[in-house]
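Written out below as structure tokens is the structure these notes cover.
The values are calculated or read from the model by the stated rules, or taken from the named source; none is laboratory data. Everything quoted here is computed from the prediction, not taken from an experiment. Cβ placement follows ideal geometry from the backbone for every residue including glycine, while neighbour counts extend to all protein chains displayed. For the accessible areas, the whole protein counts, side chains as well, though only heavy atoms, and no ligand, DNA or RNA atoms are used. Shrake-Rupley method; radii C 1.70, N 1.55, O 1.52, S 1.80 Å.
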Amino acid sequence: MEKILEVKDLHVTFRTYGGTVKAVRGVDFHLNKGETLAIVGESGCGKSVTSNAIMRLIPNPPGKISNGSIRFKEKEITRLSEKQMRSIRGVDISMIFQDPMTALNPTLTIGTQLVEGLQQHRKISPTEAKAKALDMLELVGIPNATERLKQYPHQFSGGMRQRIVIAMALICDPELLIADEPTTALDVTIQAQILELFERIQESTGVSIILITHDLGVVAKIADRVAVMYAGKIIEVGTKREIFYESQHPYTKGLLNSVPRLDLQGEKLTPIDGTPPDLFSPPEGCPFTARCPFAMEVCDNVYPVTTARSDSHKVDCWLQDERAKQLLATAEK
Ligand code: SF4
């Protein structure tokens, strides 16, 4: 499979009056052409910071990509100038944010905003730009597109506004779309419609998608692969099947046990007790130690070695070590 994006040993820090926050601490992952990778985890785990780093939207100061590589096709994103980034952002890589209202200008019509975005990046006549804007509104399922182009954001419902934001993100035919919690601000019915829209768009355009979310229901619906983040690290990655049915990391299992399932009616949800570690001074060892029911002495002191359970399934947990497996087997006898 062709890799469109490869992130290696990415570190992002933020300097504050209280010290340096190590928000992303050595993240590795890749994205294949045409696939959807979901990055999941609790608030503050570093998933949005990772996606902003790919877009080079980390405000410097106080933020900084302090180490690592982000390769998008043949380009090393971390080394590009701001001018070079401007020619990639919104063109080759686009981003959809959580709240559609903040992404749209309330004083301009939808048509103006769609056409402006396109004309900024492509040499295209106003007539061609308008035709493309109409195509995009139709692609995202907005009826009466010709009339709707003349309307302002407040004349659309929340779901329709998110469809317009998706149209804006796709108007330059990007190869990579980053969607940061794209359905969080929407009610459940509209959420389902937007997720179906993502699937339809991917089928028709072949765009590769990184989906940032805390919602495992959204992941189950549209992801091909899943990366689970905790305290600035990816602690488990695998195909959707591997994560939902064969997860190995106690944190991933905890996340799965804390969401309601229709097939387990009457079962109690099990929350994950405790809080994530302080990223001003993250622990040397496994960051989940304080919350993990299986924590061992080694977990406190040494970060676990990554274990590959298959070509696609990788886990950072000492329970995968043969010595831990033997100990557990002995304890069970
Ligand atoms: Fe738990 Fe240790 Fe595995 Fe971390 S490495 S998840 S503390 S068992």
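Listed by first and then second residue, the pairs linking a residue in region 305-321 that is closer than 15 Å to LYS233 by Cα to a residue that is charged (D, E, K, R) and at pLDDT below 95, with Cβ atoms under 9 Å apart and 6 or more places separating them unless they lie on different chains, are VAL305/ASP321; THR307/ASP321.
Which one is farthest from the ligand (Cβ to nearest atom), of the residues in region 297-312 that are within 16 Å of MET229 (Cβ to Cβ) and of a type outside the set (Phe, Trp, Tyr)? Show your work before the answer.
Applying the first criterion (within 16 Å of MET229 (Cβ to Cβ)) to region 297-312 yields 303-304, 306.
Now narrow it down to the ones that are of a type outside the set (Phe, Trp, Tyr): 304, 306.
Values: PRO304: 4, THR306: 11 Å.
If we take residues in region 297-312 being within 16 Å of MET229 (Cβ to Cβ) and of a type outside the set (Phe, Trp, Tyr), then THR306 is farthest from the ligand (Cβ to nearest atom).
Among the conditions (1) assigned to a loop (DSSP other than H, G, I, E, B); (2) over 28 Å from GLY158 (Cβ atoms); (3) open to solvent by less than 50 Å² (accessible area, probe 1.4 Å), VAL12 misses just one, which is (1). Inspection of region 101-115 finds a residue satisfying the criterion of being farther than 22 Å from LEU10 by Cβ, open to solvent by 50 Å² or more (accessible area, probe 1.4 Å) and in contact (Cβ under 8 Å) with a residue 60 or more places away in the chain. Only one of the listed residues (GLY41, GLY26) is in contact with a strand residue (DSSP E or B) (Cβ under 8 Å, 6 or more places away or on another chain), of a type outside the set (Val, Ile, Thr), open to solvent by less than 10 Å² (accessible area, probe 1.4 Å) and over 23 Å from ASP92 (Cβ atoms). That residue is GLY41. Against the conditions (1) at pLDDT below 90; (2) under 26 Å from ILE4 (Cα atoms), ALA192 satisfies every one except (2).
Only one of these is over 14 Å from the mean Cα position of the chain (by Cα), of a type outside the set (Gly, Ala, Ser), under 15 Å from ILE93 (Cβ atoms) and open to solvent by less than 30 Å² (accessible area, probe 1.4 Å): ILE54, ILE4. Name it. Reasoning before the result, please.
Values: ILE54 fails: over 14 Å from the mean Cα position of the chain (by Cα).
Answer to the check: ILE4.
Counting only strands (runs of 3 or more DSSP E) that sit completely within region 168-255, those holding 1 or more residues that are within 16 Å of the ligand (Cβ to nearest atom) and touching a Ser or Thr at 6+ places or on another chain (Cβ under 7 Å) correspond to 225-230, 233-239.
When you scan region 15-50, how many residues do you find that are over 23 Å from PHE198 (Cβ atoms), part of a strand (DSSP E or B) and not polar (S, T, N, Q)? Residues meeting the conditions: 10.
Only one residue in GLU76, GLU138 is in contact with a strand residue (DSSP E or B) (Cβ under 8 Å, 6 or more places away or on another chain) and surrounded by fewer than 19 Cβ atoms within 10 Å (Cβ to Cβ), so which one is that? Step through it out loud before you land on a result.
Values: GLU138 fails: in contact with a strand residue (DSSP E or B) (Cβ under 8 Å, 6 or more places away or on another chain).
The conditions single out GLU76.
Of all residues in region 70-100, those that are out of contact with any helix residue (DSSP H, G or I) (no Cβ under 6 Å at 6 or more places or on another chain), in contact (Cβ under 8 Å) with a residue 60 or more places away in the chain, outside any loop (DSSP other than H, G, I, E, B) and over 14 Å from MET168 (Cα atoms) total 2. Here is a list: THR102, THR50, THR13, THR109. Which entry is in contact with a strand residue (DSSP E or B) (Cβ under 8 Å, 6 or more places away or on another chain) and farther than 16 Å from LEU211 by Cα? That would be THR13, the only listed residue that is in contact with a strand residue (DSSP E or B) (Cβ under 8 Å, 6 or more places away or on another chain) and farther than 16 Å from LEU211 by Cα. Only residues that are open to solvent by less than 80 Å² (accessible area, probe 1.4 Å), modelled with pLDDT under 85 and more than 12 Å from the ligand (Cβ to nearest atom) were counted across region 313-330, and they come to 1. Just so you know, in region 141-150 the residues that are in contact (Cβ under 8 Å) with a residue 40 or more places away in the chain and surrounded by 15 or more Cβ atoms within 10 Å (Cβ to Cβ) include one that is farthest from the chain's Cα centre (by Cα), and it is LEU149. Taken over region 271-296, residues that are near the ligand (Cβ under 8 Å from one of its atoms), of a type in the set (A, V, I, L, M) and in contact (Cβ under 8 Å) with a residue 24 or more places away in the chain amount to 1. Hey, does region 256-267 have a residue that's more than 11 Å from the ligand (Cβ to nearest atom), in a helix (DSSP H, G or I) and among the polar types (S, T, N, Q)? Checking region 256-267: at least one residue is more than 11 Å from the ligand (Cβ to nearest atom), in a helix (DSSP H, G or I) and among the polar types (S, T, N, Q).
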